[in-house]
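The structure appears below as structure tokens.
The values are calculated or read from the model by the stated rules, or taken from the named source; none is laboratory data. Treat the numbers as computed from the prediction; the structure is a model and nothing was measured. All Cβ positions, glycine included, derive from the backbone under ideal geometry; neighbour counts span all protein chains shown. Ligands, DNA and RNA are excluded from the accessible area calculation, which covers all protein heavy atoms including side chains. Shrake-Rupley method; radii C 1.70, N 1.55, O 1.52, S 1.80 Å.
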Amino acid sequence: MESDMQFEYAAAPESRTIVNIKSKYGHFIDGKFVAGSKHFPTINPATEEILSHVAKAGKTEVDAAVKAARKAYLSTWSKMSGKERGKYLYRIARILQERSREFAVLESLDNGKPIREARDTDIPLAAAHFFYHAGWADKLDYAGLGIAPKPLGVAGQIIPWNFPLLMLAWKVAPALAAGNTVVLKPAESTPLTALLFAQVCQQAELPAGVVNILTGDGSTGALIVNHPGVDKIAFTGSTEVGKIIARTVAPTNKSVTLELGGKAANIVFDDAPIDEAVEGIVNGIFFNQGHVCCAGSRLLLQENIADEVLHKLKNRMEKIRVGDPLDKNTDVGAINSKEQISKIIDLAAAGDQEGAERWSPNCKLPTKGFWFAPTIFTGVTQAHRIAREEIFGPVLSVLTFRTPAEAIEKANNTPFGLSAGIWSEKGSRTLWASQQLRAGVIWANTFNKFDPASPFGGYKESGWGREGGRHGLSAYLKGANNE
Ligand code: NAI
Ligand code: MG
């Protein structure tokens, strides 16, 4: 029996005294913090409070960082034994664990994500990536790329704002394990945990120049991509910028991996465990405010169970707590930026205009900052913009299907192919569907599960290459596919 009884929650705010944010930051080049010239603010999107000012790297700083990375590559890092490199990676992993609360609070402040997610997902997974790759550093001969595969050299790495420290870990850990050095640029709205990571590199006594961190916007990113001293580009972000990068590196010798957008289908068959599926639907689209490339943003419901699932889903959504990201009870935090909230508002308006039906629970949103209530659209057709374009927000588009074949056809009818979810009690149906789906990651009776040992990446416009696992490691080594 469903109960309507609701308990009031007392506020449970995490203290922010553990973080020490400077009013201004420079860049981290050759093991030292160097003053920057132009600065721009980074804000807390939940309050619009300015947290700090970070520097915008131009040509001079990019040149200096690439030069430092090259020097460190030639003189120390590529010469060091894998066993020794592994020790540094273990050390970084342990420091991330020791300072996990500090990182979690800083990530929540700069990004707007709930402290519960920063604390339980972002930071532990970032540490796990360093632990996992520390284990690879002295075992590269067994990566399947022949005896003693060689690193590529200097990697230019550009990351987005949705999982700032975790995306840094996805990029830096395999690069370092394989013997490369890096120049990394965090996103302009979330630079603070990358700058704290620079302090961790100092604390771990990582040799100077192995990791260089430059802050800046897309123009800094473009300088890194175009730099002739960079051997490999690893990018996570929009498909639009991914295409620009692909065009830029095409005539060069640079290797490239791209992890881009998605519009994942989360398919619920009529034999699915409905209550579990509802939890998976909520996790699939409302985790991290829906700022997730692999979010389950298209819900495909088998027609005969659609009413029941929607009824239970709406009931569950009434209980989602939206608000102060630093409150430990919060489920959905702030939208990361003014640009992102206007994109979400525009796409949701397109949903209304094209005739889909919008529904949100009754939730009170804070007056300051950028907020969007968890939202579902029903009556969505495949032609609607909200069924085709990545919204990257807490907005779910619901479609229905009658037969399994129709589910697969609809799921694959997208320019993307990053992830998918299948909810069914039948193993045979799950295996059949997962073979038909053109998506890099497929979850069955769960969603948004990540592990450093598991390769992650997409088909079609969702990107090139894989990150994580042995496949991800090979993108940082010269071998069969990477001369
Ligand atoms: P973006 O792709 O512009 O930004 C991602 C990173 O690339 C940032 O560090 C940015 O400074 C850098 N960048 C921008 N232009 C560049 C260029 N020409 N060359 C090199 N680096 C460049 O993404 P943005 O504008 O923040 O978000 C727009 C949309 O992209 C979102 O609404 C979402 O749909 C999608 N997105 C997807 C992500 C994913 O994880 N797949 C992550 C972030 C955004
Ligand atoms: Mg910020």
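Condition check ((1) free of Cβ contacts under 8 Å to residues at least 40 places away in the same chain; (2) hydroxyl-bearing (Ser, Thr, Tyr); (3) surrounded by 14 or more Cβ atoms within 10 Å (Cβ to Cβ)) across all residues:
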{"position": "358", "(1), (2), (3)": "yes, no, yes"}
{"position": "379", "(1), (2), (3)": "yes, no, yes"}
{"position": "383", "(1), (2), (3)": "yes, no, no"}
{"position": "427", "(1), (2), (3)": "yes, no, no"}
{"position": "439", "(1), (2), (3)": "no, no, yes"}
{"position": "450", "(1), (2), (3)": "no, no, yes"}
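So which residues in region 164-191 are assigned to a helix (DSSP H, G or I), more than 15 Å from ligand 1 (Cβ to nearest atom) and touching a Ser or Thr at 6+ places or on another chain (Cβ under 8 Å)?
175
Specify the residue that is most open to solvent (accessible area, probe 1.4 Å); the eligible residues are those in region 232-247 that are near ligand 1 (Cβ under 8 Å from one of its atoms) and not in a loop (DSSP other than H, G, I, E, B).
240
Pull up region 57-116, narrow it to residues that are within 16 Å of ligand 1 (Cβ to nearest atom) and in a helix (DSSP H, G or I), then point me to the one that is surrounded by the fewest Cβ atoms within 10 Å (Cβ to Cβ).
59
Run down 347, 326 and say which single residue is within 16 Å of ligand 2 (Cβ to nearest atom) and among the aliphatic types (A, V, I, L, M).
326
Taking region 29-50, which residues are of a type in the set (A, V, I, L, M, F, W, C) and within 16 Å of ligand 1 (Cβ to nearest atom)?
Correct list: 40, 43.
Can you find a residue in region 284-301 that is part of a helix (DSSP H, G or I), polar (S, T, N, Q) and open to solvent by 10 Å² or more (accessible area, probe 1.4 Å)?
no
Report the residue count in region 248-269 for those that are under 23 Å from the mean Cα position of the chain (by Cα) and open to solvent by 30 Å² or more (accessible area, probe 1.4 Å).
Residues in region 248-269 being under 23 Å from the mean Cα position of the chain (by Cα) and open to solvent by 30 Å² or more (accessible area, probe 1.4 Å): 1 in total.
Which of the residues spanning region 457-468 are touching a Phe, Trp or Tyr at 6+ places or on another chain (Cβ under 8 Å) and either under 16 Å from residue 169 (Cα atoms) or open to solvent by less than 40 Å² (accessible area, probe 1.4 Å) (or both)?
457, 458, 462, 466, 467, 468, listed by residue number.
What do you reckon, is residue 174 crowded, with 23+ Cβ neighbours inside 10 Å, within 16 Å of ligand 2 (Cβ to nearest atom), within 21 Å of the chain's Cα centre (by Cα) and modelled with pLDDT of 95 or more?
no
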